[in-house]
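Here, each number is a calculation from the coordinates, and none is a lab measurement. Because the structure is a prediction, the values reported are computed rather than measured. Because the Cβ atoms are built from the backbone with ideal geometry, glycine has one as well, and the counts that use them run over all protein chains shown.
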Amino acid sequence: MATDDAGPEGAPEPPVEHDVDPDEGELERTIGLVGGLAIGIGTMIGAGIFVFPGLAAENAGPAAALSFAIGAVIALLVALPASELATAMPRSGGGYFFISRGLGTGPGAIVGLGLWLGLVFASAFYLVGLGSYAGQVFTEAGIALPISPAVPLGVAFGIGLTVLSLFGTENTASLQNAIVIVLLAILTLFLSYGSLDALGVFGAESTPERFFPPGGVLPVLQTAALVFTSYLGFAQIATVAGDIKDPSRNLPLAMVSSVIIVGVFYVVTIFVATSAFGSARLGEFGETAMVEVAREFVGFPGALAIVIAGLLATFSSANASILSASRAVYAVSSDEIIPKAASQINLKYGTPHVALGLAGGPIVVLTATGQVELLAEVASFLHLVLYGLICVALIQLRRENPEWYTPSFECPAGFAVAGVGAVASFGLIAFMQPASIGVGIIVMAAAYGWYRYYATDVELKGDF
Amino acid sequence: MTNTQTPTADEQSGTDDGRQGEDAERPTVLVPLEVLEGESMPDGTSELLANARVILLGYHVIPEQTATEQAREQFGETAMKKLGEFAERLTAAGAAVETRLVFTHEEQATINRIIYEHDCLAVLVPNSIDDPESVLVAVRGTVGVERTTQLIAGLFAGTDVGVTLYHILGPEENEGDAETLLNGVRTDLVERGMRPEAVATRIEQTETPIDAIARVGEEHDAVVMGETDPSVTTFVFGMPSKQVSERFLGPVLVVQRERSEDGDEAN
């Protein structure tokens, strides 16, 4: 990250106008580029590497790597317009904020409430993953349990994380940074070794399966829809845009780089996993397939390293998503789309207890269902609607060009990128399972119904 | 808030340049207060800083899971009102006051930024005192001593306050060198308008500096000391000044070294 047009490293940055309010005080920006990347990567990497490889390979074979690549391209097509919008509106609330200000209250309400619930589904999905890895600890220790411990452990972690965040966990950011660095180190080692092995450097080259699954391209696209949950983290960077230092530089860099970094890791992971085992075998291993892949390559120490990495990754994803869900509640509540009381802060702990409750409660309930694929797809559905509308908002704002719209980062080929991004985001939804689409539509309809019932008199378009 | 200024980004440079002739001579002192934690401005602060240009910084530290905007929306007005009351007390005592209110995740980042933005000469670790009559000034060496004299003379020239310059001998130092050092400082202070009889000196060879300053400080109303070794830490409340203030229980003015232009303090 050598480029820094703000002058010498660390020189005072131009103040963001919104941060200074003569009547109510200023806001300190405390998250730098590394912090932003850690939020993005930390939120994303848990799912793509530690939960999905088994499921994805079962559905799409080695071509699941292509599914992950498709997801990365769509995420990039959205990350670029989102970066432009974020530099024009560097405020907490991210995608919800762009859409409510760019397209009006109706779409804003659907997306805002949808984002809250989308993050609730995503958190539940990560918690089931976390439970699976915690359960794997028992397996590795040779303790046989009468029932699969994944769901009960996931529920326990959900309750624990919610309570923890209620009481002001300090230093979560530095913890997150450390977790991401440890994870990337373990994964780089493991994947480099695995790739060299698969290419035949350490012995016989493994015989690759047929790349495409029997169903052809369709399963690949369906898998892309399923695993898109692995890319939900980049927009989380925009939800803390109000805390990011020098947002015009750091926001676009963090969003785009985090997508590229995790995308590369995902594709290589699938390559390594499918060259170690056949796809059907990987599918049998389920959520913790990567543990078996590591065992195949380096034996017990490898399995142990991946169990630890998996715990860290799913933990950080779950934690980040719970916090983001509470921020989403705050964003809609401060605009009075839901009652103001939801964003009350507890003075003693400084935390939004109502919003955290509104996030943590449903998360725990959904975790208890244990429906990994459904949770993942509904989360992706709700986020894809958000992403599609982010692209639409960019097109709309560029055409209207209101006075306040002065982004410091411009998405290259803006109309084309946003147009393709919108079509791709909405299009990917079509490849989901009918049940997920149904649940997603019900959630959106409920959000719209709530808006008609409660918030029709709120006018947010162009409101700062 | 009649006499306070809250600079916006645009006005800020204007306020600095536009300071009246008298104000320009005033030493700039930062007074950080965690207003919403019930921290109020201790008694005697306004008397101590009557001749200063005071940057009154109200701040509130929020855990990372809460958006700073969220806290500002809920607590901004309350905090601003409290700060306004403190500012009025300072202004009534004669100080020139600017207030800043910041919601932050990192106390230190905020304090550093404000020190840098206002080029503060010193930071006050607030503690209550009666009328300030005598002040202990710890002088470590020639480095940065110019800023200390600027602060002392700015605050206390033309008042009844007496200062005692205090130096602790290092292992390689002899008393003659120390006397030369303190007399130089004293001459400088007198040139800047202090009465010669109001400046005493004291040299000791003694225990660790922190213990010594805290002990000798008890004979005085307030302590002025330098920042911790810059190469090690930039913490205003960093160990030595914090330790001194906790044991001595009076106000401590921590003289800041010059912030370099390339902003290595801004992180």
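Write down the percent of antiparallel bridges among all DSSP beta bridges whose residues are both part of the protein assembly as shown, to the nearest 5.
Bridges in the protein assembly as shown are about 15 percent antiparallel.
What are the ³J(HN,Hα) values, in whole Hz, obtained from phi via the Karplus relation 6.51 cos²θ - 1.76 cosθ + 1.60 with θ = phi - 60°, for each residue of the range A:435-443 in sequence order, with x given for Gly and Pro?
Karplus-based 3J(HN,Hα) across the range A:435-443 equals 4, 5, 4, x, 4, x, 5, 4, 4 Hz.
Under 5 Å between amide H atoms, partner at least 5 residues away or on a different chain: which partners does B:Val102 have, H built in plane at 1.01 Å?
Placed amide hydrogens put A:Glu26, B:Gly58, B:Tyr59, B:His60 under 5 Å from B:Val102.
In nm, to one decimal, how far is the modelled label at A:Phe415 from the one at B:Glu146, with both set 7 Å along Cα→Cβ?
Distance between the two pseudo-spin positions: 6.0 nm.
Obtain the nm distance between the two label points defined at A:Leu218 and B:Gln108 by a simple spin-label model: each point lies 7 Å from its Cα along the Cα-to-C-beta direction.
Going by the 7 Å Cα→Cβ label model, 6.0 nm.
Rounded, prolate or oblate: pick one for the range B:72-145, where a ≥ b ≥ c are the square roots of the eigenvalues of its C-alpha gyration tensor, a/c under 1.5 means rounded, and failing that, prolate if a/b is larger than b/c, else oblate.
Oblate.
At 222 nm, what value in deg cm²/dmol follows for chain A if DSSP H runs of at least 4 each add -39500 (n - 2.57) and the sum is divided by all its residues, to the nearest 500? Walk me through the numbers before you get to the answer.
On the way: 16 runs with 325 residues, N = 464.
After summing the helix terms and dividing by the residues of chain A, the value is -24000 deg cm²/dmol.
Counting other beta carbons within 10 Å of each residue's own, what order do A:Ile261, A:Ile49 fall into, fewest first?
Taking fewest neighbouring Cβ atoms as first place, the list is A:Ile261, A:Ile49.
So if I average 1/r over every pair of distinct C-alpha atoms in the protein assembly as shown and take the inverse, what Kirkwood radius in Å does that give? Don't skip to the end; give the middle numbers.
On the way: mean 1/r = 0.0355 Å⁻¹.
28.1 Å is the Kirkwood radius here.
Using the Cα gyration tensor of the range A:29-454, with a ≥ b ≥ c the square roots of its eigenvalues, what is the shape: rounded (a/c below 1.5), prolate (a/b larger than b/c) or oblate (neither)?
Note, shape of the range A:29-454 comes out prolate.
Taking each pair of distinct Cα atoms in the range A:340-400 once, what is the resulting Kirkwood hydrodynamic radius in Å?
Kirkwood hydrodynamic radius for the range A:340-400: 14.6 Å.
If the range B:134-255 were replaced by its equivalent ellipsoid, with semi-axes equal to the square roots of 5 times the Cα gyration tensor eigenvalues, what would those be, largest first, whole Å?
Calculated on Cα positions only, the semi-axes equal 21, 17, 14 Å.
Rounded, prolate or oblate, given the Cα gyration tensor of the range A:305-438, with a/c below 1.5 counting as rounded? Before the final figure, lay out the partial values.
Numbers: a/c = 1.86, a/b = 1.23, b/c = 1.51.
Judged from the Cα gyration tensor, the range A:305-438 comes out oblate (a/c at least 1.5, b/c at or above a/b).
Can you put A:Asp246, A:Asp457 in order of Cβ neighbours within 10 angstrom, beginning with the fewest?
Final ranking by Cβ density, sparse to dense: A:Asp457, A:Asp246.
On the Cα set of the range B:20-120, report Rg and Dmax in Å, please.
13.9, 46
Which whole-Hz ³J(HN,Hα) couplings does the range A:60-73 yield from phi under the Karplus relation 6.51 cos²θ - 1.76 cosθ + 1.60, θ = phi - 60°, glycine and proline marked x?
Once rounded to whole Hz, the list reads 10, x, x, 5, 4, 4, 5, 4, 5, 5, 4, x, 5, 5.
Within 10 Å of each Cβ in B:101-107, how many Cβ atoms from other chains are there, averaged over the peptide?
6
Compare the Cα positions of B:Gly44, B:Val102, B:Pro32 along the charge dipole of the range B:20-120 (+1 at Cβ of Lys, Arg; -1 at Cβ of Asp, Glu; about the Cα centre) and return the one farthest towards the positive end.
Value: B:Gly44.
So what J values fall out for the range A:127-136 if you push phi through Karplus, 6.51 cos²θ - 1.76 cosθ + 1.60 with θ = phi - 60°, rounded to Hz, Gly and Pro as x?
For the range A:127-136, the Karplus-derived couplings read 5, 5, x, 4, x, 4, 6, 5, x, 4 Hz, x marking Gly and Pro.
How big is the gap, in Å, between the Cα center of the range A:367-412 and the Cα center of the range A:20-86?
Measuring centre to centre over Cα atoms gives 12 Å.
In chain A, which longest range has no trypsin sites (Lys or Arg not before Pro) that are both DSSP loop (not H, G, I, E or B) and surrounded by at most 11 other Cβ atoms within 10 Å?
A:1-209
Given H placed on each backbone N at 1.01 Å, which residues far from B:Glu133 in sequence or on other chains put an amide H within less than 5 Å of it?
Here B:Asp221 satisfy the definition.
Taking Rh as the Kirkwood radius, which is the inverse of the mean 1/r over Cα pairs, what is the Rg/Rh value for the range A:205-254?
Numbers: Rg = 18.5 Å, Rh = 14.3 Å.
Checking Rg against Rh, the ratio lands at 1.30.
So if I restrict to the alpha-carbon atoms in the range A:125-171, what is the Rg, and what is Dmax, the biggest pairwise distance, in Å?
For the range A:125-171, the Cα radius of gyration and maximum Cα-Cα distance read 12.5, 38 Å.
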